[in-house]
Amino acid sequence: MKERNPAGESPEKKAAGIAAADLVTDGMVVGLGTGSTTAYTIAELGRRVDEGLDIIAVVTSYQSEMLAIQAGITLTSLAEHPELDIAIDGADQIDAGLNVIKGGGAAHTREKVVSRSAERFVIVADESKYSEQLNHYVPLEVLPYAKELVSKQVRKMGGDPVLRLASRKDGPVISDNGNFIIDASLGVIETPVIISALLSQVAGIVEHGIFTNVDEVYIGKKDGSVEIMS
């Protein structure tokens, strides 16, 4: 029997995840993000696949791969399908301009590649993830060899870099790509596009967690309703 419900059910996340799943129609190639809210989207798509929905999906992490397989969703790759119809993903924080910080699950590099490959990029989240301005730490996927250089450059930007440590093993978190994650606290980010460009110029940063290409945000509310920002 397939397990459909993500652990620790949240009505807000469930509402957003299911609402975004309704955007997916027959024949689409779908990018599936990572995280607790996206898990509801994957579960809902699996339910619809059981009812006859015909889709294939590209995943962004081992977590989303396992959930998609469990849900009965056929998987493909960007090598086979470099252009996606839609990508649906979660967020750590969303601002009023639809700029997003992602990477709490250390999957933001693959998530960014998938989002940039999609014609439509949709974020799903609960109300707690919204802020007028971004002030959440920015996850940086970093080559292990460049850890000290990247930390130095983040400090020059006025930030506080912290190497993310694993909770269930000794040592740092290792991404699916085999790299370290540095969480950079940069205070209030008033100009996300500029900060994004500056971080992209730092040697050793594989990818950062600022996303500026979001088309729509689905925010689930406690009463089960969903607010759509675009």
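The table below lists the values:
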quantity: Residue in segment 185-196 that is of a type in the set (Asp, Glu) and either under 24 Å from residue 114 (Cβ atoms) or surrounded by 12 or more Cβ atoms within 10 Å (Cβ to Cβ) (or both) present; calculated: no
quantity: Residues satisfying the stated conditions in segment 116-138, i.e. assigned to a strand (DSSP E or B) and either in contact with an Asp or Glu (Cβ under 8 Å, 6 or more places away or on another chain) or surrounded by fewer than 21 Cβ atoms within 10 Å (Cβ to Cβ) (or both); calculated: 118, 121, 122, 123, 124, 126, 130, 134, 138
quantity: Exclusive hit being in contact (Cβ under 8 Å) with a residue 40 or more places away in the chain, among the polar types (S, T, N, Q) and within 30 Å of residue 14 (Cα to Cα), set 167, 185; calculated: 185
quantity: Complete set of residues in segment 211-228 that are within 20 Å of residue 111 (Cα to Cα) and hydrophobic (A, V, I, L, M, F, W, C); calculated: 211, 214, 217, 219
quantity: Per-region count, segment 199-212, residues under 18 Å from residue 31 (Cβ atoms), surrounded by fewer than 22 Cβ atoms within 10 Å (Cβ to Cβ) and either in contact with a strand residue (DSSP E or B) (Cβ under 6 Å, 6 or more places away or on another chain) or of a type in the set (A, V, I, L, M) (or both); calculated: 1
quantity: Filter result for residue 103 (touching a residue at least 24 places away in the same chain (Cβ under 8 Å), in contact with a Pro (Cβ under 7 Å, 6 or more places away or on another chain) and crowded, with 24+ Cβ neighbours inside 10 Å); calculated: yes
quantity: Within segment 197-230, tally of residues that are of a type in the set (Ser, Thr, Tyr), over 18 Å from residue 113 (Cβ atoms) and part of a helix (DSSP H, G or I); calculated: 0
quantity: Filter result for residue 18 (over 17 Å from residue 227 (Cβ atoms), part of a helix (DSSP H, G or I) and in contact (Cβ under 8 Å) with a residue 24 or more places away in the chain); calculated: no
quantity: Residue pairs meeting the criteria (Cβ under 8 Å; at least 6 apart or on separate chains; first over 13 Å from residue 89 (Cβ atoms), in segment 50-70; second part of a strand (DSSP E or B) and of a type in the set (S, T, N, Q)); calculated: 55/74; 56/74
quantity: Residue tally, condition farther than 18 Å from residue 108 by Cα and not basic (Lys, Arg), over segment 155-185; calculated: 7
quantity: Test: residue in segment 139-160 that is of a type outside the set (A, V, I, L, M, F, W, C), surrounded by 21 or more Cβ atoms within 10 Å (Cβ to Cβ), within 30 Å of residue 19 (Cβ to Cβ) and in contact (Cβ under 8 Å) with a residue 12 or more places away in the chain; calculated: yes
quantity: Identity of the residue in segment 171-184, in contact with a strand residue (DSSP E or B) (Cβ under 8 Å, 6 or more places away or on another chain), more than 18 Å from residue 99 (Cβ to Cβ) and among the small types (Gly, Ala, Ser), that ends up surrounded by the most Cβ atoms within 10 Å (Cβ to Cβ); calculated: 175
quantity: Members of segment 171-230 that are under 15 Å from residue 92 (Cα atoms) and charged (D, E, K, R); calculated: 183
quantity: Unique match (being closer than 22 Å to residue 185 by Cα and at pLDDT 95 or above) among 49, 138; calculated: 138
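The values are calculated or read from the model by the stated rules, or taken from the named source; none is laboratory data. Note that the structure is predicted; figures quoted are calculated from it, not measured. Heads up, the Cβs are rebuilt from the backbone with ideal geometry, glycines too, and the neighbour counts pull from every protein chain shown.
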